[in-house]
Every structure is written in C-alpha cells, then in structure tokens.
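See structure below.
The values are calculated or read from the model by the stated rules, or taken from the named source; none is laboratory data. If you're wondering where the values come from, they're calculated on a predicted model, not measured in any experiment. No Cβ is skipped: glycine too gets one built from the backbone with ideal geometry, and neighbour counts run over all protein chains shown.
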Amino acid sequence: MRSLFLMNILLTLIWAALTGKFEFSNFVFGFILSYGVLWIITRDTKRASYFTRVPKVIGFLLFFIKELIKANIQVAYDVVTIRNYMKPVIIGVPLDAETELEITLLANFITLTPGTLSLDVSDDKKTLYIHAMYVEDKEAFIESVKNGFERRLLDILR
C-alpha cells in the first residue's frame with residue numbers, strides 16, 4: 001500500500017515536471033491520472049486495497065470539511081447573536097475503535113471540530129469522553145459520532 005502511494009506521488013511529480021505547470025490543479029490531475037495508471041497496472045494483484053482506500057480517505061476528508069464548516073457556522077452564529085444557544089455536556093461515547101492509533105485519530109478529529117473537545121479515554125479504552133457545546137439529544141450526538149467520524153475512520157484504517 002505504501003509503495004503504491006509513493007509511486008502515485010512520484011508519478012504525480014513527474015507529470016508536473018513534464019507539463020511544466022506546478023499548480024495545484026495540475027497536481028490534482030496528475031494524481032488522478034497516475035492513480036488510474038497504477039490501477040490498470042496492478043488490478044490483478046494483491047495490492048488492490050490501495051485503490052479502495054484512496055476514495056474512502058477522500059470521502060472522509062470531505063466529510064470532515066463539511067463538519068468543520070457546519071461547526072464553525074454554529075459557533076460563529078452563537079457568538080454574534082445576543083441569545084446564548086449553548087447546551088454544554090460531557091458525554092461518554094462507547095468506542096468500536098480498539099487500537100491506540102484509531103482512538104487517537106478519532107479523538108483528534110473530534111477535537112479539531114469547533115464546539116467539541118475530547119477529554120479522556122477510559123482505562124479499558126472502551127469509552128471516549130467528549131465535551132460538546134451544542135447537544136440537544138445525547139443519544140443523537142453519540143449516534144452522530146459513531147456513524148460519522150468513527151465509522152468512516154475505521155473503514156480507512158481496517
């Protein structure tokens with residue numbers, strides 16, 4: 001997987017050098033082009049997991065950007081209005097993530113989203129404690145974390 005990613009990056013850089021355009025759009029096009037070439041070359045080998053993970057990573061990044069924008073708008077709206085809409089709570093979210101890498105990435109992505117902060121992980125690593133500023137329904141919040149960040153992150157890492 002790593003070698004295919006490095007080959008994809010190398011082919012992207014070669015594409016940019018051959019075209020002479022070191023612009024973001026050209027890098028994106030070169031990445032997509034080299035991804036397609038590598039897919040055609042290695043589609044019958046065991047290294048095909050790279051080609052299922054890249055779309056999942058892109059989907060996760062788009063999901064994270066959407067959540068980031070949504071949370072920023074919510075916090076900014078609360079700041080500029082007179083009325084206070086905050087309903088802060090500390091919630092224990094049961095984890096399906098098992099490894100330290102999975103838990104750390106999940107906690108960090110939650111913390112990067114405005115209005116939420118990962119506080120602690122239980123000693124048995126089964127519960128993540130999150131401070132959230134805007135929670136109407138605790139069960140809906142837990143469900144949004146489990147079906148949002150955690151599910152998408154575990155799809156990439158497993």
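Below are the figures for this structure:
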| quantity | calculated |
| --- | --- |
| Residue in region 65-87 that is closer than 27 Å to Leu4 by Cα and either touching a strand residue (DSSP E or B) at 6+ places or on another chain (Cβ under 9 Å) or assigned by TED's automatic domain parsing to the domain that holds Met133 (or both) present | yes |
| Per-region count, region 21-43, residues of a type in the set (Phe, Trp, Tyr) and closer than 11 Å to Leu4 by Cα | 2 |
| Given (1) surrounded by 12 or more Cβ atoms within 10 Å (Cβ to Cβ); (2) over 21 Å from Glu139 (Cβ atoms); (3) among the polar types (S, T, N, Q), index of the condition Asn84 fails | (1) |
| Any chance Leu61 is in the same structural domain as Tyr134 (by TED's automatic domain parsing), of a type in the set (A, V, I, L, M) and closer than 28 Å to Leu11 by Cβ | yes |
| Output for region 35-48, where each listed residue is exposed (fewer than 11 other Cβ atoms within 10 Å of the Cβ) and either charged (D, E, K, R) or closer than 14 Å to Asn8 by Cα (or both) | Ile40, Arg43, Asp44, Lys46 |
| Filtered residue count, region 101-120, keeping only those that are more than 19 Å from Leu68 (Cβ to Cβ) and either touching a Gly at 6+ places or on another chain (Cβ under 9 Å) or in contact (Cβ under 8 Å) with a residue 24 or more places away in the chain (or both) | 4 |
